[in-house]
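Q: First, the structure itself, so that you have it in front of you.
The values are calculated or read from the model by the stated rules, or taken from the named source; none is laboratory data. Predicted, not measured: the structure shown is a model, and the values here were computed from it. Cβ sites come from the backbone with ideal geometry, for glycine too, and all protein chains shown count toward neighbours.
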Amino acid sequence: MRKKNVLAVILSAALAAATLAGCGGTDNKDGLQTGNSQTGSSQAGSSQTDSTQAETGSQSGTALTYWCELNQNVSANYSNLGETPFGKEWQKETGITVEFQHPPANQGSEQFSLMLADGELPDLLEYAWMNYPGGPEKAIKDGNIYELTDIINQYCPNLRKYLDENPDIDRMIKTDEGHYYCFPFIRGDDRLCNTIGLMLRQDWLEELDMEVPTTIDEWHDVLVAFRDKKGATAPLSWEYTMGSLTSANPFAYAYGTCREFYLGDDGKIHFGPAEDGYKQYLELFHQWYGEKLIDQDLASLQLDQVSAKITSGQAGASIGWAGSRMGTWVNAAVQTNPDFMLVCAPYPTINKGDQPQMGQIDNRYPNQGSVAITTSCKDIEAAAKLMDFAYGEEGHMMFNFGIEGESYNMIDGYPTYTDVILNNPDGWSVAQSLSAYIRGNYNGPFVQDIRYLEQYYTIDTQKESNLIWGATNAAKYKVPPVTPTTEESKEYSTIMNEINTYRDEMTLKFILGDESLDKFDEYVKTLNELGLERALEIQNAALDRYNAR
Amino acid sequence: MKKQSFSQRAKKDFRRNRALYLLVLPVLAFYIIFHYKPMYGAIIAFKDYSPGTGIAASPWVGLANFTRFFSGPYFARLIRNTLLLSLYSLLFGFPAPIILALLLNEVRNKKFKSVTQTITYLPHFISMIVVTGMISNFCLSNGLFNDIIVLFGGERSPLLQNPNLYRTIYVASSIWQEVGWGSIIYLSALSGVDAQLYEAASIDGAGKWKQMLNVTLPGISPTIITMLILKMGSLMSLGYEKTILLYNASTYETADIISSYTYRVGLLDQDWSYSTAIGLFNSVINCVLLVISNRLSKKLSDTSLW
């Protein structure tokens with residue numbers, strides 16, 4: 001008899017557990033909904049702020065959770081940002097305990113999606129917030145993050161001051177409705193905005209008695225010479241599969257077009273791949289591919305394969321960053337070939353002596369590494385103070401140069417990195433030792449300082465890169481950070497998904513010769529059938545709203 | 001009347017076998033919590049879901065997500081690619097472990113047999129990202145495969161940029177990776193074949209070949225058919241992992257399958273409702289295929305899953 005009772009208890013307990021588990025999800029969702037209604041108006045949001053603050057008080061020692069991707073230069077030596085000297089100093093200076101959470105490498109956006117779907121958000125969430133489906137305004141409306149206007153006005157004197165002094169930045173980081181949603185990553189200098197360009201073997205040029213090429217025709221001659229006289233099997237080789245490098249294609253820019261949207265002379269947004277210039281660019285690349293001037297494995301190249309080709313002399317020219325590509329390759333290659341040297345080449349033009357017009361450029365607010373306060377956050381004041389620190393004087397130095405006396409010294413008023421950074425005793429690369437002390441060499445919620453870059457580039461040719469690559473009118477053609485409305489955004493992303501797939505596929509087919517360029521008009525027609533005009537309409541409306549901000 | 005008798009019978013059975021019921025309870029709970037409860041979430045396929053508003057409160061949109069997929073420009077291509085890739089995998093990938101098992105079964109040298117077995121099933125344990133990294137390196141125009149092609153008088157070409165070769169590379173590498181592991185189950189089935197049957201067959205004058213056809217294969221046919229039915233049930237659900245690591249825009253034509261498309265559109269763009277709709281469509285097709293193949297097998301060979 002007794003046994004039976006025990007069984008009954010176990011059974012009902014299991015049933016109850018199953019039922020509870022069943023309800024759990026719904027409860028959670030209800031909770032989120034409440035958060036939503038509270039943030040419906042910013043007034044209500046701020047009143048909640050006050051009450052939460054009264055309950056917990058700021059700096060009460062409860063840890064804030066902070067989710068961000070861990071930069072690979074950090075993860076090379078640390079498993080958590082909180083373990084780095086940077087992370088410790090940040091907490092010490094602000095007196096706020098932070099528990100950092102990181103997704104597995106390269107899974108940031110997947111994990112972000114899963115976190116949103118799950119509904120359990122950390123207090124602070126670092127992300128490229130303009131990529132939130134439906135735009136940042138939707139993130140506020142969904143009740144995932146707080147609208148920050150009142151919070152910034154109340155708790156963030158440093159950021160407020162910076163935004164008041166820089167109205168152009170202020171415009172970038174707001175939504176069309178005038179709402180703040182994040183503590184932004186800002187490039188503090190225009191020179192920090194051009195980071196990608198052409199580079200080629202200087203020692204080969206000297207040996208062949210050739211000049212750094214500036215036009216398409218000169219490039220052709222140089223690449224042919226690399227192929228015939230230097231035995232390069234892939235004269236021009238770069239990581240074509242990587243989105244940002246494909247987008248910043250200097251040869252497409254030469255024809256006044258690009259792979260993305262750009263701002264035309266008429267002040268409207270245009271789609272590069274549907275324009276005539278794009279056909280000329282494709283013709284050029286198709287010809288070069290046939291002449292084996294471009295890496296034959298173009299479509300499947302990975303970074304390690306490109307690096308191997310550049311450093312071993314199978315390739316003589318590439319497209320990439322001055323720091324992570326050029327610097328790394330030169331340092332690696334001189335070990336075996338002391339003559340190895342790369343030089344930056346300007347964006348090529350069609351006619352000799354012309355000024356290059358388009359080029360790669362980031363917006364000052366490049367939509368990365370920006371932090372929002374989520375509706376899960378209980379101690380908003382502490383979160384706001386933690387964030388505001390970086391926009392003040394002390395925080396600015398810490399985020400860009402680290403700890404005075406340890407990672408940098410002030411020499412004649414110039415923050416100079418110490419040997420801990422430049423000649424790390426543990427043999428770390430400069431990028432890795434920088435990443436232990438600062439965030440200035442990648443991104444995060446602060447204003448980036450050009451003085452970091454001046455010291456990060458150690459090779460002369462790297463230091464020239466900003467000047468050479470920056471000598472364009474790129475800023476004029478750059479689309480500012482516009483956002484479609486919440487309603488349009490789904491339609492827009494549906495259209496662009498299909499268009500981007502089609503563009504990528506056809507671009508490669510034209511270049512590889514699988515598809516004849518006679519079909520270019522048909523290709524443009526298909527782009528229009530996929531809804532290009534509607535996408536342009538949405539983009540241009542967004543631009544109008546942006547200009548009206 | 002009937003209902004009462006059922007509940008009476010159930011009670012009686014429960015009293016008699018309560019230990020068994022207790023044993024089955026955790027399994028039952030596992031299925032309810034992890035397999036049946038999440039099915040509730042599938043209704044977001046018919047909604048415009050956003051995590052902020054929650055599953056229940058998100059507005060209904062009817063079949064909009066399905067029509068978007070069916071009327072999309074890539075629908076036909078995705079279905080074709082998925083089916084063809086699955087079909088080829090089945091056609092070439094399914095017999096491979098059986099053949100390997102049959103061959104291994106005939107090997108008399110124990111040491112040779114175990115070494116071969118180990119070597120063939122080792123690739124199963126290599127992570128997918130390493131395998132695809134190896135494949136993409138070997139397929140470069142100066143890679144291993146091209147070296148071999150040149151050795152036989154061919155010309156170098158980037159293999160992973162050729163849409164016509166993609167399926168071959170995909171299927172062949174899958175076979176290489178899974179053939180050893182897949183043969184284990186057949187080897188165990190083979191060891192269950194009665195040795196007397198072989199003896200009888202050889203007395204009747206059957207050689208090795210005839211023995212294999214008339215004794216071994218019928219002996220393991222229930223296993224083969226069960227495996228085949230299970231395979232049929234997952235015909236449409238090719239995983240995206242290998243595809244997104246191997247394909248590029250120049251091979252979309254043959255390489256882009258439903259799951260990789262869903263990955264690009266659904267997961268990266270966080271369009272949950274749309275990807276759920278595609279997933280649901282996939283599951284329904286799989287379920288239908290499973291039922292059909294099970295029926296067929298029941299009719300033709302008396303072996304079936306249920």
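Q: Could you check region B:1-93 for helices (runs of 4 or more DSSP H) lying wholly inside it with 3 or more residues that are under 30 Å from A:Asn528 (Cα atoms) and not polar (S, T, N, Q)?
A: Details: elements: B:2-16, B:18-31, B:54-57, B:64-70, B:75-93.
Answer list for region B:1-93: B:64-70, B:75-93.
Q: For residues that are surrounded by fewer than 20 Cβ atoms within 10 Å (Cβ to Cβ) and farther than 21 Å from A:Ile294 by Cβ, scanning just region A:499-517, find the one that is farthest from the other protein chains (Cβ to nearest Cβ).
A: A:Asn500
Here's the yes/no breakdown for (1) in a helix (DSSP H, G or I); (2) modelled with pLDDT of 90 or more:
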{"position": "A:Val479", "(1), (2)": "no, yes"}
{"position": "A:Glu488", "(1), (2)": "yes, no"}
{"position": "A:Thr494", "(1), (2)": "yes, no"}
{"position": "A:Ile499", "(1), (2)": "yes, yes"}
{"position": "A:Phe510", "(1), (2)": "yes, yes"}
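Q: Looking only at region A:100-144, count every residue that is acidic (Asp, Glu), more than 10 Å from chain B (Cβ to nearest Cβ) and under 21 Å from A:Gly243 (Cβ atoms) and tell me the total. Even if it seems obvious, please write down each step before you answer.
A: In the first step, residues of region A:100-144 are kept if they are acidic (Asp, Glu); the result is A:110, A:118, A:120, A:123, A:126, A:137, A:142.
Checking which are more than 10 Å from chain B (Cβ to nearest Cβ) leaves us with A:120, A:123, A:126, A:137.
From what is left, the residues that are under 21 Å from A:Gly243 (Cβ atoms) are A:126.
Matching residues across region A:100-144 total 1.
Q: Now a separate question. Is it the case that B:Thr216 is within 14 Å of chain A (Cβ to nearest Cβ) and surrounded by 18 or more Cβ atoms within 10 Å (Cβ to Cβ)?
A: no
Q: Still on this model: Among the residues of region B:294-303, is any under 17 Å from the mean Cα position of the chain (by Cα) and surrounded by fewer than 17 Cβ atoms within 10 Å (Cβ to Cβ)? Full working, then the answer.
A: As a first pass, look at region B:294-303 and keep what is under 17 Å from the mean Cα position of the chain (by Cα): B:294.
Those left that are additionally surrounded by fewer than 17 Cβ atoms within 10 Å (Cβ to Cβ): none.
Checked against the condition, which is being under 17 Å from the mean Cα position of the chain (by Cα) and surrounded by fewer than 17 Cβ atoms within 10 Å (Cβ to Cβ), region B:294-303 yields no hits at all.
Q: Looking at (1) touching a Ser or Thr at 6+ places or on another chain (Cβ under 9 Å); (2) in contact (Cβ under 8 Å) with a residue 60 or more places away in the chain, which is the only condition A:Asn473 fails?
A: If we test A:Asn473 against (1) touching a Ser or Thr at 6+ places or on another chain (Cβ under 9 Å); (2) in contact (Cβ under 8 Å) with a residue 60 or more places away in the chain, just (1) comes out false.
Q: Give B:Leu122, B:Leu140, B:Leu165 a once-over and let me know the one that is within 14 Å of chain A (Cβ to nearest Cβ), within 23 Å of the chain's Cα centre (by Cα), under 27 Å from A:Ala308 (Cβ atoms) and among the aliphatic types (A, V, I, L, M). Give the steps one after another, and end with the answer.
A: Working: B:Leu122 fails: within 14 Å of chain A (Cβ to nearest Cβ); B:Leu140 fails: within 23 Å of the chain's Cα centre (by Cα).
Residue meeting the stated conditions: B:Leu165.
Q: Of all residues being within 24 Å of A:Ile511 (Cα to Cα) and part of a loop (DSSP other than H, G, I, E, B) in region A:314-338, which is farthest from the other protein chains (Cβ to nearest Cβ)? Just the residue, please.
A: A:Gly316
Q: Among the numbered criteria (1) closer than 30 Å to B:Leu63 by Cβ; (2) more than 12 Å from chain A (Cβ to nearest Cβ), which single criterion is violated by B:Phe6?
A: (1)
Q: Determine whether region B:168-183 contains at least one residue that is within 14 Å of chain A (Cβ to nearest Cβ) and in contact (Cβ under 8 Å) with a residue 40 or more places away in the chain.
A: Filtering region B:168-183 down to residues within 14 Å of chain A (Cβ to nearest Cβ) leaves B:169-170.
Then drop every residue that is not in contact (Cβ under 8 Å) with a residue 40 or more places away in the chain, which leaves B:169-170.
Yes - at least one qualifying residue is present in region B:168-183.
Q: Still on this structure, I have one more. Quick one: which residue in A:Leu163, A:Leu159, A:Leu114 is assigned by TED's automatic domain parsing to the domain that holds A:Ser75, in a helix (DSSP H, G or I), within 25 Å of B:Tyr240 (Cβ to Cβ) and of a type outside the set (S, T, N, Q)? I'd like the intermediate steps shown before the answer.
A: On the way: A:Leu163 fails: within 25 Å of B:Tyr240 (Cβ to Cβ); A:Leu159 fails: within 25 Å of B:Tyr240 (Cβ to Cβ).
Going through A:Leu163, A:Leu159, A:Leu114 in turn, the sole match is A:Leu114.
Q: Of all the helices (runs of 4 or more DSSP H) wholly in region A:393-464, which have at least 3 residues that are closer than 21 Å to A:Tyr78 by Cα, at pLDDT below 90 and touching a strand residue (DSSP E or B) at 6+ places or on another chain (Cβ under 8 Å)? Please lay out each step first, then the result.
A: Working: elements: A:393-401, A:419-422, A:430-437, A:450-456.
Once the helices (runs of 4 or more DSSP H) in region A:393-464 are filtered for at least 3 residues that are closer than 21 Å to A:Tyr78 by Cα, at pLDDT below 90 and touching a strand residue (DSSP E or B) at 6+ places or on another chain (Cβ under 8 Å), nothing remains.
Q: Of all residues in region B:239-272, how many are under 30 Å from B:Gly54 (Cα atoms), in a helix (DSSP H, G or I) and at the interface with chain A (Cβ under 10 Å from one of its Cβ atoms)?
A: 7
Q: While we're looking at this one, here's another question. Looking only at region A:528-549, count every residue that is within 14 Å of chain B (Cβ to nearest Cβ), surrounded by fewer than 20 Cβ atoms within 10 Å (Cβ to Cβ) and part of a helix (DSSP H, G or I) and tell me the total.
A: Selection size over region A:528-549: 2.
Q: Here is a follow-up. With respect to A:Lys378, is the statement that it is surrounded by fewer than 22 Cβ atoms within 10 Å (Cβ to Cβ), part of a loop (DSSP other than H, G, I, E, B) and basic (Lys, Arg) true?
A: On the way: surrounded by fewer than 22 Cβ atoms within 10 Å (Cβ to Cβ): yes; part of a loop (DSSP other than H, G, I, E, B): yes; basic (Lys, Arg): yes.
Judged against the criteria, A:Lys378 is a match.
Q: So, A:Asp304, is that one farther than 30 Å from A:Tyr66 by Cα, surrounded by fewer than 16 Cβ atoms within 10 Å (Cβ to Cβ) and within 14 Å of chain B (Cβ to nearest Cβ) or not? Even if it seems obvious, please write down each step before you answer.
A: Details: farther than 30 Å from A:Tyr66 by Cα: yes; surrounded by fewer than 16 Cβ atoms within 10 Å (Cβ to Cβ): yes; within 14 Å of chain B (Cβ to nearest Cβ): yes.
Against the criterion (farther than 30 Å from A:Tyr66 by Cα, surrounded by fewer than 16 Cβ atoms within 10 Å (Cβ to Cβ) and within 14 Å of chain B (Cβ to nearest Cβ)), A:Asp304 qualifies.
Q: For region A:272-313, how many residues meet the condition of being of a type in the set (D, E, K, R), assigned to a helix (DSSP H, G or I) and either under 22 Å from A:Tyr347 (Cα atoms) or touching a residue at least 12 places away in the same chain (Cβ under 8 Å) (or both)? Explain how you work it out, then say what you get.
A: First, the residues of region A:272-313 that are of a type in the set (D, E, K, R): A:275-276, A:279, A:283, A:291-292, A:295, A:297, A:304, A:309.
So of that shortlist, the ones also assigned to a helix (DSSP H, G or I) come out as A:276, A:279, A:283, A:304, A:309.
Filter once more, keeping what is either under 22 Å from A:Tyr347 (Cα atoms) or touching a residue at least 12 places away in the same chain (Cβ under 8 Å) (or both): A:276, A:279, A:283, A:309.
Total meeting the criteria: 4.
Q: Does at least one position in region B:1-16 carry a residue that is among the acidic types (Asp, Glu) and either within 30 Å of the chain's Cα centre (by Cα) or more than 30 Å from B:Thr243 (Cα to Cα) (or both)?
A: Of region B:1-16, the ones among the acidic types (Asp, Glu) are B:13.
Narrowing further to those that are either within 30 Å of the chain's Cα centre (by Cα) or more than 30 Å from B:Thr243 (Cα to Cα) (or both): B:13.
Taking every residue of region B:1-16 in turn, at least one turns out to be among the acidic types (Asp, Glu) and either within 30 Å of the chain's Cα centre (by Cα) or more than 30 Å from B:Thr243 (Cα to Cα) (or both).
Q: If only one of A:Lys490, A:Lys519 is out of contact with any helix residue (DSSP H, G or I) (no Cβ under 6 Å at 6 or more places or on another chain), in the same structural domain as A:Gly290 (by TED's automatic domain parsing), in contact (Cβ under 8 Å) with a residue 40 or more places away in the chain and among the basic types (Lys, Arg), which one is it? So that I can check it myself, show each step before the final result.
A: Details: A:Lys519 fails: in contact (Cβ under 8 Å) with a residue 40 or more places away in the chain.
Going through A:Lys490, A:Lys519 in turn, just one is out of contact with any helix residue (DSSP H, G or I) (no Cβ under 6 Å at 6 or more places or on another chain), in the same structural domain as A:Gly290 (by TED's automatic domain parsing), in contact (Cβ under 8 Å) with a residue 40 or more places away in the chain and among the basic types (Lys, Arg): A:Lys490.
Q: Go over the candidates B:Phe46, B:Phe66 one by one and state the one that is under 23 Å from A:Pro133 (Cα atoms), in contact with a strand residue (DSSP E or B) (Cβ under 8 Å, 6 or more places away or on another chain), away from every other protein chain (no Cβ under 11 Å) and not polar (S, T, N, Q).
A: Values: B:Phe66 fails: in contact with a strand residue (DSSP E or B) (Cβ under 8 Å, 6 or more places away or on another chain).
None of the others qualify; the one that does is B:Phe46.
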